[in-house]
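J.: Quick one: the structure is below, and I'll ask about it shortly.
No lab work stands behind these numbers, since they all come straight from the coordinates. All values reported here derive from a predicted model rather than from experimental measurement.
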Amino acid sequence: MAIAPGLRRLAYRRGERPRFAPKWPCPQLDQTCDASLHDALPAAITALPGVTRQAAPFGAPGIGFALDIEGWVEDAKRGMENSLRANHLDIREQYEKQLKDLQEAYGEAMLELRARKKLQALMERDGVRGECAIGPSTAPNN
């Protein structure tokens, strides 16, 4: 019998082959699942995108599954090509514009908040109660 070169240095075990005894059960042989789960598993696996059912590899009994990665490879290639074609200066300008717009909006919001606080403080000092309204008056014109 041929032995792999890396296993030749291991000591040879003398005596009988090991066996399972009733007090040491083999879970892989003794435990089984419900038949309905066993039958439903292949259907659940093949429902996943890109998974197909085929014969088990190496002539083993049972069912084999294959994962179609061709679509993934094509998507990755397209994404890499697009990133190589992209002009990074254009992307930089786009992000700089977005950042500038956000900074302007933040500044306007802070100014409005300060104005509301100042108006509220003035109204409290003068003894006026109620919510302060900023914007055009809703009172009827006389």
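J.: Taking 0.36 nm per residue of separation and subtracting the Cα-Cα distance, what length does fully extending Q98 through L10 add?
T.: 25.0 nm
J.: While we're here: Using 0.36 nm times the number of residues separating R78 and K23, minus their current alpha carbon distance, what extension gain do you get?
T.: 13.9 nm
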